[in-house]
Each structure stands twice: as C-alpha cells, then as structure tokens.
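Worksheet: one structure, shown below.
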Ligand SMILES: [Mg+2]
C-alpha cells in the first residue's frame, strides 16, 4: 500500500491497498487488531451525527445505527478527527517503522492543513488543544528550517526525529502541563497494536504519543493505562482480568518507574463500575479522565456485545463520537472485528483502507519487534539505515511522504540476517521471535552471544521520563 503525499489531496477511499504478507496468527491477533481500528472508526462514525448533543435529547431519540447529518453534515458512515488522527499515527508507524514523534506531528499537521486522511478531504473539526499544539509545531519547524538550511515545507517535513533531536532549540512536545482533553486517547490504538509484543514499550510510547499535544500527566497516564488494557486484550486476557481492580497491580511491571496519577489510578481501581451510568455520574465529556471512565463503563456493562457498548457510549451524549471511538478501540481488540455488525461495516467510510492499515500494523509490528531491545532503561533500535537497506520484507519504504514497493533483494536480506545475528544482545530472544520465519538461524543465533556494538549507543527513545 502507498500513502499519498498530502499535496495530492487523495481521499482515503481512493488510496490503493496491497494486502500484507501472511504471518502465522496463533491467537487470532490479526482479527483483534482489525477489530480495534474498525471499532474506533465505527464508534466515531456512529457518534458523529449527534456530536455535542446532550444526554436528555438522546434519551428521547437514541442513536441505533449509522445516520447522516448532525453538526458536520456528514454522510452515514463518515468519520471525524478521531479516526483521521488515528490513521495519521498508524501511517507514521507503517512508513517509518519506528516510533518517530516528529513524523507523527508532521502527519497531524498534514491533516490539519491539507485534510490528509480526512473522510471529507479537509479538516472540519479539531480540538482546541490539538490545534494549539499543531500551530506551535508549525512555528517551531521554522527553527529546523534555519538549522538545516532548508528551503521549503516539504524538506522540513521529511526530516526524522533522529535529525531534529540534534537541534536543542527544538522540542517536539508542543503542549503544556495542564492540557487534559481527550484528544490523545481517541487516536491512541495503533501504538499498543504495533508494540503489543513488548508491553512495557507499548505503555511507555503510548504516554509519549499523548505528550506531543496534551502535556498533562492525566492525559499521559490515561493513555498508558488504556494502552495496557488494549495490549492485555490482544494477548488474550479475559474480560474479568481486564476489568479487575487488580489489573494495575497485576501488570505493574508494564508501567515502569512511574506510578499512575491519582485520577487514573482511581479509574483503574474500578470507579467506572456504576450500574446507573449517566444517573451515577458517568459523562461523555471532553475531559480525558471522564472520557476514559465513560468508555470503560460502556465496556464493563455491555453484556459482551459491541453493539450494546458502542451505542451506550454514544447515547451518553456530549462528545459522543470520541467516547464511542475510545470504547471501540478496546472493545474491538477484545471482541475482534467479527463482533462489529456487518451492516455498520458496510456503511463505514474507507473500511478497506482501515483493514489494510491494521494488517500492516500487525506485520511491521512483528518485524520491528525483533529489532527493538532495551538497555539501562533506554530503548535501542537496529539502525534505520540498515533496516531500510537490508529489510527482510519485500516492501521498502522511504521515510516521509512516499512508500514504494521494490523487488526483494535476496543477497541483501541475507546480510541483514547475519547482521542481526551478530549484533543483537539477546540472540535467544531474536531466535525465538524469528523461529517461524527463519528456522535455519535458530541454532546459530543461540550460540552467538556478542556484546553491543557502537552503533547501538544512539537511543531512539529514552525510557526515562
Ligand atoms: Mg470527532
């Protein structure tokens, strides 16, 4: 698949999909990843026609399916900022194949300025905090333009986080400590979906994905906690385990040195278990703590039905599409794509693109898993240059705006394997993760313990907060 340049103004429905190469799928994870992304978009589309409508009005006329109209005048099945931003984040992971916060911000900016991955071709709704952060980001890009002597926006946008972090005057986190809207939670899914094989990394990077536009500890921790739930769902944990008040305690190792803040901890201990729902204080508001609580209330009380849960989230009123989009990420990951009503999926805008993106997240997540490792609380990555040059799959992508498919270069792939075998600090881990792909290297790798080489001294992300 190719993500077009934002300047081409190609609508999501018109983006061509190439299905991802097959990978063994023992635990039906692929269906769960599709479920999470489709669940997000379905919730968004169901809520879009009644966004900002108060609960009382929805009590009289509850939403029961996809409908057109509302604040944005969309067609039935069309989705809003939640899905657009979620797809921007996913497109960044698929294109760069690392967690590149700068590239993520560039793509959010493309959506804001040029309607990239918008269901209508332009950005018609954007949260205040996100807009502020993206305006600050655009301003700060001028620092980079000067520092690198670049002439236009396309060149600045093509930089990577590896380049820009050398410029000390530039900070990619464009928000303040009091910003706690639900923006980062509505777009979250692809980070835990991509990194679920390494839960601690998934949780840490989910926090970082929030920090770009929403600097409050509450926003960061809400995303860390919700990512842990999505990861646990993908890893096959039961609903009882997910909604258990012991969940945080049982998975404490995933959360690193930093405890959850009080507000999120209170939710993790079960504050959302209110049978009366709205009557007992559950609200679908834009405040991230209330959104998180509302989505979990819907999941907890849905009677194991995606349909019930997503409609309950919408019919809470207010920020209907976002509450339902947040619910959909977890419920979809837990129940799988097949739990979403086929008639809704049929109406869902750019459904095929969302499925295609989900499958590539699954595929590249597996590929990158074998190249990520941790030392002294820092995450390291096999250098991108090598990854690009000797990449195992048949797809080669250029960082930035374009991806292209090139024929597989067998001799190079062989070099890449020996590179990994010789340089990864834990060959056993590599061997087991690659076992089904490259059995011939299992034994060689297991016998091969080599210390870190100098090229690993550059962390791609610091685990220290
Ligand atoms: Mg929205």
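Worth pointing out:
- Each residue in 322, 130 was given a count of other beta-carbon atoms within 10 angstrom of its own, and listing them fewest first yields 130, 322.
- Here the spin labels are modelled as points 7 Å beyond Cα on the Cα-Cβ line, and at residue 274 and residue 26 they lie 4.2 nm apart.
- Averaging the Cα positions of each part gives two centres, and for region 213-289 and region 2-58 these lie 23 Å apart.
- Burial ranking of peptide ranges 116-122, 268-274, 166-172 (average Cβ count within 10 Å, highest at the top): 116-122, 268-274, 166-172
- Judged by the ratio a/c of the largest to the smallest principal axis of the C-alpha gyration tensor, region 166-304 counts as oblate, that ratio being 1.5 or greater while a/b is no larger than b/c.
- Most to least packed among 40-46, 20-26 [average Cβ atoms within 10 Å]: 40-46, 20-26
- Of 249, 9, the sequence from fewest to most neighbouring Cβ atoms within 10 angstrom is 249, 9.
- Tensor-based shape of region 57-185 (alpha-carbon gyration tensor, a/c under 1.5 rounded, otherwise prolate or oblate): prolate
- Model label sites at residue 16 and residue 68, defined 7 Å from Cα along the beta-carbon direction, differ in position by 3.1 nm.
- Förster-model FRET efficiency, 25 Å R0, residue 8 and residue 139, C-beta, rounded to 0.05: 0.45
- Legend: ranking of residues 27, 137 from fewest to most surrounding C-beta atoms inside 10 Å; resulting order 27, 137.
- Separation of alpha-carbon centers, region 59-121 and region 157-212, rounded to whole Å: 17 Å
Taken together, the values in this text are just the output of simple stated rules run on the coordinates, not laboratory data. Please read these numbers as outputs of a predicted model, since none were measured by experiment. Ideal geometry is used to build each Cβ from the backbone, glycine not excepted, and the neighbour counts take in all protein chains shown.
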